[in-house]
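Q: So that we are looking at the same thing, I have put the structure below in structure tokens.
Nothing in this text is a laboratory measurement; each read-out follows from the coordinates by a stated rule. Just so it is clear, the structure is predicted and the values come from calculations on it, not from any experiment. Heads up, the Cβs are rebuilt from the backbone with ideal geometry, glycines too, and the neighbour counts pull from every protein chain shown.
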Amino acid sequence: SVFIPLFSATGLVCGFAFFLLTVHSSYGEVSFSFPEEMKRGSVIGNIAKDLGLEVSRLSARKARIDTEGNSKRYCDINLSTGKLIVAERLDREGLCGKKTSCVLKQELVLENPLELHRISLHVQDINDNSPQFTEDLIKFEIGESADKGARFSLDEAHDADVGQNMVQGYTLERNDHFVLNVNTKTGGRKYAELVLDKELDREQQQELKLLLTAVDGGTPQRSGTVVIHVTVLDANDNAPVFSQAVYKASLPENSPLETVVVTVSATDADDGANGEVTYNFDHVSDEYVHLFSLDHKTGEVRIIGKVDYEEESSYEMQISAKDGLGLASYSTLIIEITDVNDNAPVIYLQSLTSPIPENASPGTEVGIINVQDRDSENNREVRCSIQQNVPFKLVPSIKNYYSLVTTGELDRELVSDYNITITATDEGSPPLSSSRSIQLSVADVNDNPPLFEEQSYKAHVTENNIPGASVCSVTARDPDWRQNGTVIYSLLPGEVNGVQVSSLLSINGDTGVIHAVRSFDYEQFRSFKVQVVARDNGSPPLSTSYVKVIIDITDVNDNNPSIYIQSLTSPIPENASGPCLHP
């Protein structure tokens, strides 16, 4: 495996009691090579070791394989060992066809900090396919006057494998009239020709049956056979000749069905049936047959299926031209598919921290957005934006990744939830766009102390009250949420005329209702003051300033008059008359 560091950038870190992503990103590339058809779960390589990642932190960093919007996931990461494993059995021929190099692209994404590593999976061919001929029987009608050395092209055998595992040669069963000549086409493909080694004599033998074998170069070697049936006739001297060795055509991917892509043309110098040319595709895949048609007489190639630039951008096929007696020539047709802007961007939410604390500082990363557009060139260039006036913005990160970060102060007491709409628009003509809504909640922080509704409270209590009777109540409000907004009341300790406040009054910590602890006596206390404290239940708790509560005692007639004699003069003179007061 090979690791190539490409890019890194460091941003902001915010540390609170909430898990927030750090705006930190890096970008690298690692390659692995392994054979096709490995069982699911087979180890490809140790990607954690190759990239220098800590295996113990893979789970915490949400390490995962990202398919860049594609539906196929070819590999997975074992979070316990850091090894890259096969997600499903891979058939190289089904994935890459005849391409010499079969490279599958995946991405490893990690968070906190954000890292993105490209993974190139080089799937190596194994010899799991045998050569096959298109037809079970190859027929030739050869005139008995054919000269020694005359050549007759044979249908090419097809082997789905590539490289050394594809067809490497042909052999012909020993016979009296023909030998085999093996040639190489452009691109290294082998094809064979029957070469007349001894003249034919129709009077002696009217037909021949030969066995042709195609072999590949794999280990162990595989082979396929076909029977050649030769009917001896009279002469055909010239093979058809194409006007071009290679035909090239360009086709927009949105072309309507039955559009003529190109017309191939070949001529034959012979007369009559020997000069009549018919056209055919020469051993093309079923996929191509369902996309393109070839008129056997006119040579017109038409589109009969939907072509998609994002699936396949180029098609190459061989076309044969045969005359009435089987002499053939071949030409190559290359069709280049041009892109049109037919794919709108797709927005993927890779990560989101919700809720986010309201005291998060500006620049805090709360989410990671990935945007993919399957078109090419300008059609896949994408601009992302947020539509509403919200305290968030998108910051481009690496490749098509964006960080969703805060731009201002948050206040849960003003806005507790945000519905953020992200719009992605490509640079095509006309441009295509798509939108995605993200729900983001703001978590409460204990940033508001309780506040009393009144600046002071006054209560009247009639003396001789019953102990435990309600005197009055106080109320404080806290706009915070849940326990941060739960208010707890208490009396400030102190003395009133030498008596502890706690022996006079009590307060319900939850409701703020004040109760008399004892029976009051107007003649002892006519009025007194206490102070109530309100605090919330947050962590740490916040408390307000004290509020004054004045208690006035109301008198009742609960005392009889008393006569006090200061002094008495005795005895009283017997001759005293009328009222007399003595001091």
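Q: Determine, for each peptide in 284-294, 344-354, 495-505, the mean count of other beta carbons within 10 angstrom over its residues, then list the peptides with the highest first. Please list the in-between numbers first.
A: On the way: 284-294: 15.7, 344-354: 17.8, 495-505: 13.7.
Output ranking for 284-294, 344-354, 495-505: 344-354, 284-294, 495-505.
Q: I would also like to ask the following. Could you work out how far apart the two model spin labels at Arg174 and Ser473 are, taking each label as a point 7 Å from the Cα in the direction of the beta carbon, and quote it in nm?
A: 11.6
Q: If r is the Cβ-Cβ distance from Lys198 to Gln132 and R0 is 25 Å, what FRET efficiency results, to the nearest 0.05?
A: 0.25
Q: Pairs Lys139/Lys248; Lys62/Lys393; Lys306/Lys393; Lys248/Lys322; Lys185/Lys297: which are spaced more than 29 Å apart, C-alpha to C-alpha?
A: Values: Lys139/Lys248 31 Å; Lys62/Lys393 24 Å; Lys306/Lys393 40 Å; Lys248/Lys322 21 Å; Lys185/Lys297 25 Å.
Too far apart for the 29 Å limit: Lys139/Lys248; Lys306/Lys393.
Q: How large is ³J(HN,Hα), in whole Hz, for each residue of region 440-445 in order, when computed from phi with the Karplus curve 6.51 cos²θ - 1.76 cosθ + 1.60 and θ = phi - 60°, using x for Gly and Pro?
A: So the Karplus estimates, Gly and Pro as x, are 10, 9, 9, 8, 6, 10 Hz.
Q: I would also like to ask the following. Within 10 Å of each residue's Cβ, count the other Cβ atoms and sort His460, His515, His177 from fewest upward.
A: His460, His515, His177
Q: Counting Lys +1, Arg +1, Asp -1, Glu -1, what net charge surrounds His290 among other residues with beta carbon under 14 Å of its beta carbon?
A: -3
Q: Would you mind calculating the relative contact order of region 30-124 from Cα pairs under 8 angstrom and at least 6 residues apart, reporting the percent as a whole number?
A: Relative contact order for region 30-124 comes out at 38 percent.
Q: Considering only C-alpha atoms, what is the centroid distance from region 532-556 to region 260-277, in Å?
A: 107
Q: For the chain, build the charge dipole from Cβ charges (+1 Lys, Arg; -1 Asp, Glu) around the Cα centre, then report which of Tyr315, Asn560, Phe292 sits farthest towards its positive end.
A: In the chain, that residue is Asn560.
Q: Sticking with this structure for a sec: For the pair Gln124 and Lys393, what calculated FRET efficiency results from E = 1/(1 + (r/R0)^6), where r is the Cβ-Cβ distance and R0 = 30 Å, to the nearest 0.05?
A: So, using R0 = 30 Å, E works out to roughly 0.05.
Q: Now for a separate question. For a quick protection proxy, order the peptides 35-42, 74-81 by their average other-Cβ count within 10 Å, most packed first. Could the numbers behind the result be given before it?
A: On the way: 35-42: 13.4, 74-81: 17.6.
Output ranking for 35-42, 74-81: 74-81, 35-42.
Q: Under unit Cβ charges (Lys, Arg +1; Asp, Glu -1), what dipole magnitude, rounded to 20 debye, does the chain have relative to its Cα centre? Let's see the in-between values first.
A: Numbers: 47 positive and 84 negative charges, 518 e Å.
Value, rounded to 20: 2480 debye.
Q: Which whole-number percent is the relative contact order of region 241-338 (Cα, under 8 Å, 6+ apart)?
A: Values: 213 pairs, mean separation 38.0, N = 98.
Relative contact order here is 39 percent.
Q: State the answer as a single residue: which of Ile126, Gly41, Val109 lies farthest towards the positive end of the charge dipole of region 23-138, with beta carbon charges of +1 for Lys and Arg and -1 for Asp and Glu, about the Cα centre.
A: The listed residue farthest towards the positive side: Val109.
Q: When the distances between all Cα atoms of the chain are binned every 20 Å from zero, what whole-number percent does each bin get?
A: Result returned by the calculation: 14, 27, 21, 15, 9, 7, 4, 2, 1, 0.
Q: Helix-derived [θ] at 222 nm for the chain: sum -39500 (n - 2.57) over DSSP H runs of at least 4, divide by residue count, nearest 500?
A: Values: 3 runs with 14 residues, N = 583.
After summing the helix terms and dividing by the residues of the chain, the value is -500 deg cm²/dmol.
Q: Fewest Cβ neighbours within 10 Å first, please rank Ile514, Ile304, Ile119, Ile386 accordingly.
A: Ile304, Ile386, Ile514, Ile119
Q: Another one. Mind checking which lysines have their C-alpha under 17 Å from Lys198, skipping anything on the same chain fewer than 8 residues away?
A: Lys148, Lys209
Q: Place the peptides 327-338, 133-144 in order of packing, highest mean first, counting for every residue the other Cβ atoms within 10 Å and averaging per peptide.
A: Sorting 327-338, 133-144 by mean packing, highest first, produces 327-338, 133-144.
Q: Continuing with this model, one more query. Remind me, relative contact order of region 137-233 in percent, using alpha carbon pairs under 8 angstrom and six or more residues apart?
A: Computed over region 137-233, the figure is 38 percent.
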